[in-house]
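The values are calculated or read from the model by the stated rules, or taken from the named source; none is laboratory data. The structure displayed is predicted, hence computed values, not measured ones. So basically every Cβ, Gly included, is an ideal-geometry build from the backbone, and we count neighbours across all protein chains shown. Each accessible area value is taken on the protein alone, full model and side chains, heavy atoms only, with ligands, DNA and RNA left out. Shrake-Rupley method; radii C 1.70, N 1.55, O 1.52, S 1.80 Å.
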Amino acid sequence: MGYKIGFIGCGNMGRAILGGLLKAGIVKADEVIISCHTKKSCSEVEEEYHVKAVLDNQEVAGNADVVLLAVKPNKFEEVIPDVKAGLEQNAAGENTIVISIAAGKDIAYLEKNLGKNQKIIRVMPNTPALVGEGMSALTVNAKVTEEDLKYALTIFESFGKAEVVPESMMDAVIGVSGSSPAYVYMFIEALADGAVAAGMPRKQAYTFAAQSVLGAAKMVLETGQHPGALKDAVCSPGGTTMAGVLELEKQGLRNAVIAGEMACIQKSIDMTKCD
Ligand SMILES: NC(=O)c1ccc[n+]([C@@H]2O[C@H](COP(=O)([O-])OP(=O)(O)OC[C@H]3O[C@@H](n4cnc5c(N)ncnc54)[C@H](OP(=O)(O)O)[C@@H]3O)[C@@H](O)[C@H]2O)c1
């Protein structure tokens, strides 16, 4: 039987994507096939999503119209030979679309290992996909048609926002959205710590901090106003917010964020160069 989508690996990101696709009705459970490394993961995925899960990557790559590579980058050497063998047997032939979400694996690497005639889409999603608020960047090789890209966008828009970027932007994407949820969690944790220091119960502090970050992010996205203008609107002359802003500037908040993000971007550049 031919499946619409096959997942090679289905851990954190794979499950976030699968959950989004099923919830949005883009695919039905019986149109999906998954391969995992262990029987335990296969059983978990089958139980939770009612999809078919196997231990055979070749079977998945050989029987799906879209093959999504969702293993860790260091597993690629191990899985690529089976994926390639599967693609060679796939009845859809060169129309099969391979989507990779791995950090540090660029289009050149994927073409070298899967063949230049393969339709390849490289995507960088992020974990808020798990709650339907992901941010994904897509970049394609020359074989991918407008129609293929439109379909791929519907996949990634099923659990958040998705935009097409040139591949040269992918390292910046990893810094600004792929990895940045970790930095935002650190900010939320610190914000809550301040409230706890002032006597607020910890659980309540996380709610207040997280909702404020969520609300501020929505203000940026929905008003279209510059973040600086939105900040200015909160800062009354001589007021409490301005006192906080001055101290944050003195402590180097912006520099720390930019430097952390640049370190992440550099790591991504170095990882891609290794292949
Ligand atoms: N996590 C993020 O924030 C994030 C963001 C953007 C992109 N990514 C990318 O997403 C990819 C997956 O990351 P993740 O966080 O989802 O990893 P993960 O939770 O560790 O999941 C990896 C999956 O790969 C499976 N696997 C391992 N070896 C395999 C093999 N030989 N054959 C078939 N399946 C195999 C594992 O199966 P078992 O469970 O059976 O071992 C598991 O289902 C990575 O390439 C990463 O760069 C992650």
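Summary table below
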quantity	calculated
Mean-position separation - Cα centroids, the stretch 81-141 and the stretch 177-245, in angstrom	36 Å
Nearest-ten-degree value, helix 76-89 long axis tilted from longest Cα axis of the chain	40 degrees
Mean ellipticity per residue at 222 nm, deg cm²/dmol - from DSSP H runs of n ≥ 4 across the chain, formula -39500 (n - 2.57)	-17000 deg cm²/dmol
Heavy atoms of LYS105 accessible to a 1.4 Å probe, total area in Å² rounded to 10	10 Å²
Rounded accessible area per residue of the chain, 1.4 Å, Å²	55 Å²
Over 30 Å between alpha carbons, listed pairs LYS112/LYS150; LYS119/LYS218; LYS40/LYS112; LYS119/LYS267; LYS116/LYS273	LYS119/LYS218; LYS40/LYS112
Degrees separating the helix 240-250 axis from the principal Cα axis of the chain, which is the longest one	70 degrees
Equivalent-ellipsoid semi-axes of the stretch 178-273, from the Cα gyration tensor, Å, largest first	26, 18, 15
Cα long-axis angle, helix 253-273 against the chain (0 to 90 degrees, to the nearest 10)	20 degrees
Protection proxy ranking of 180-187, 261-268, 28-35 - average other beta-carbon atoms within 10 Å, highest first	28-35, 261-268, 180-187
Part-to-part distance (alpha-carbon centres) for the stretch 20-54 and the stretch 143-162, which is given in Å	20 Å
Value in Å of the Kirkwood radius, where the chain supplies the Cα pairs that are averaged	20.5 Å
Of all accessible heavy-atom area on the chain, the percent that carbon and sulfur account for (1.4 Å)	58 percent
Straight-distance crosslink candidates among aspartates and glutamates, where the alpha carbon sits under 18 Å from LYS75 and sequence neighbours closer than 8 are dropped	ASP56, GLU59, ASP106, GLU111, ASP270, ASP275
Choice from THR154, THR38, THR207 showing the highest fluctuation, given a GNM over the chain with Cα pairs closer than 10 Å	THR207
Most to least packed among 114-126, 244-256 [average Cβ atoms within 10 Å]	114-126, 244-256
